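The values are calculated or read from the model by the stated rules, or taken from the named source; none is laboratory data. It should be emphasised that the depicted structure is a prediction, and the values quoted were computed from it without experimental measurement. Please note: Cβ atoms are built from the backbone with ideal geometry, for glycine as well, and neighbour counts cover all protein chains shown.
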Amino acid sequence: MVLPDRNRTGSLKFDGVVERFGYTDKSALPMWLADMDFPPPPVISETLNTYLSQCFGYQMGTVSGAVRNWYSRRGITVEEDTIVTCSSVLAGIAATIQTLTTPGDAIAVFSPTYGPLFSLVKDCDRTLVSVTIDETLTIRDVVASGQLPSHIKMVLLCNPNNPTGQLVHSDDMYELAQFCEHQRIPLVVDEVHSEFIRADCSFFSALSLSAHFRRSVVVAQSPNKAYNLAHLPAASYLVIANPKWYGRISSSLLRRHLCAGDLACVALTAAYDRRNDSWLAEVVTTINDNRQMAFDTLKHTSLMTCCPQSTYFLWLDLRLLFPTTSNVAGALFKATGIASNDGTMFDMPGFVRVNLATSSTMVKTALSRLVNLIHST
Ligand SMILES: Cc1ncc(COP(=O)(O)O)c(C=O)c1O
């Protein structure tokens, strides 16, 4: 796949580096933001071009068939009457929080994770209960040891987890679903990074839980990460197997005009076209190769002790490299030109998230600068 030059195209990831990170005497390596450098599959632009030559009155836009087929190719059965579109994943999760809980209710979020999930809970006037997990402390341990307080009214989980790439094992998912079912509270799972799985790992969607437990689950999903359509954006959607919750959440989205527009639905349908499966497979292979190269280079350093199981991110521990700095992403940029996201955004200062969805050349350059930095400190 030939990667386009994204400099001077208005790309936030490339052209926004100076504004966001300032100047460095090194050439900047834009490896922040959840945005991939690969050109999109042609089916999407062809479909959108045709759509844009028609008229734009009210349409009967639907994504249900495309979503059902896309899941079916992944071995998961999704009923069409459980799918509701939303203008973005965060809008869908916000509507779920506002519909199924009341102000002041406690919501558990596993940490570290995608920062806006924490903010969303607070912005909805709910009480954030942050529950820390890592490779040594799994969700199963947390549930088994009673660390999920019994007064919580919802659990919010990002799986695959942005930024760590940690995956929730099926046993952990069952344990968590069992807890939520017992407490009669919703388990809301953000699965937007589900396509980027390391070749020797497997992803267990909450939609693969048995029907009994699926009734406690709301899954938030969109093609915007897998097919890199963030700023279009294509339709996002929720899958809600519990018919009562489905009715309440979908009417809340409809009433507030927060369902996806027709152009977004067309973009989702084009993205989920099976002709794009080979494009996605190539992208995933490139990311897996980049991740392996990074792990092979850094595994004996303090930066990285385990290889992420998923996502297109590296999650690097910079606490030993920059022990006295609170903004380690800023320090890393100054020292190497690598533009990354600071861990503070994910509730874990001292770490950075580095985006690997780019050319192997950029990843190689970043790794050699990191190795030089390690040797010089
Ligand atoms: C885990 C996760 N959820 C949600 C989003 C944002 O999705 P949206 O822009 O559709 O709200 C992102 C964006 O990077 C993400 O990484």
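For the stretch 29-57, which positions are part of a loop (DSSP other than H, G, I, E, B), out of contact with any strand residue (DSSP E or B) (no Cβ under 6 Å at 6 or more places or on another chain) and either farther than 20 Å from Tyr272 by Cβ or not aliphatic (A, V, I, L, M) (or both)?
Result: Leu33, Asp35, Asp37, Phe38, Pro39, Pro40, Pro41, Ser53, Gln54, Cys55, Phe56, Gly57.
Of all residues being within 24 Å of Val155 (Cβ to Cβ) and more than 20 Å from the chain's Cα centre (by Cα) in the stretch 60-81, which is nearest to the ligand (Cβ to nearest atom)? Just the residue, please. Step through it out loud before you land on a result.
Of all residues in the stretch 60-81, those within 24 Å of Val155 (Cβ to Cβ) come to 67, 71, 74, 76-79.
Add one more test, that the residue is more than 20 Å from the chain's Cα centre (by Cα), and what stays is 77-79.
Values: Thr77: 24, Val78: 19, Glu79: 23 Å.
Top of the filtered list is Val78.
Hey, could you check the stretch 1-23 for residues that are in a loop (DSSP other than H, G, I, E, B) and of a type in the set (Lys, Arg) and say which is surrounded by the fewest Cβ atoms within 10 Å (Cβ to Cβ)?
That would be Arg8.
So which of Phe179, Phe196 is more than 15 Å from Ser111 (Cα to Cα), within 16 Å of the ligand (Cβ to nearest atom), buried (at least 16 other Cβ atoms within 10 Å of the Cβ) and assigned by TED's automatic domain parsing to the domain that holds Thr127?
Just one listed residue meets the conditions, Phe196.
From the list Lys364, Lys334, pick out the single residue that is over 19 Å from Gly16 (Cβ atoms) and either modelled with pLDDT of 95 or more or not assigned by TED's automatic domain parsing to the domain that holds Ile197 (or both).
Residue meeting the stated conditions: Lys364.
For Pro103, state whether it is surrounded by fewer than 20 Cβ atoms within 10 Å (Cβ to Cβ), within 20 Å of Glu195 (Cβ to Cβ) and away from the ligand (no atom under 16 Å from the Cβ). It would help to see each step written out before you state the result.
On the way: surrounded by fewer than 20 Cβ atoms within 10 Å (Cβ to Cβ): yes; within 20 Å of Glu195 (Cβ to Cβ): no; away from the ligand (no atom under 16 Å from the Cβ): yes.
Against the criterion (surrounded by fewer than 20 Cβ atoms within 10 Å (Cβ to Cβ), within 20 Å of Glu195 (Cβ to Cβ) and away from the ligand (no atom under 16 Å from the Cβ)), Pro103 does not qualify.
Okay, residues lined up against (1) closer than 17 Å to Met31 by Cα; (2) in a loop (DSSP other than H, G, I, E, B); (3) touching a residue at least 24 places away in the same chain (Cβ under 8 Å); (4) touching a His at 6+ places or on another chain (Cβ under 9 Å):
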| position | (1), (2), (3), (4) |
| --- | --- |
| Ser326 | no, yes, no, no |
| Phe333 | yes, no, yes, no |
| Met348 | no, yes, yes, no |
| Val352 | yes, no, yes, no |
| Met362 | yes, no, yes, no |
| Leu367 | yes, no, yes, no |
| His375 | no, no, no, no |
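Given the structure, is Val84 outside any helix (DSSP H, G or I), within 16 Å of the ligand (Cβ to nearest atom) and touching a residue at least 60 places away in the same chain (Cβ under 8 Å)? If you could, list the steps in order and put the result at the bottom.
Numbers: outside any helix (DSSP H, G or I): yes; within 16 Å of the ligand (Cβ to nearest atom): yes; touching a residue at least 60 places away in the same chain (Cβ under 8 Å): yes.
Considered against the rule, which asks whether it is outside any helix (DSSP H, G or I), within 16 Å of the ligand (Cβ to nearest atom) and touching a residue at least 60 places away in the same chain (Cβ under 8 Å), Val84 comes out as yes.
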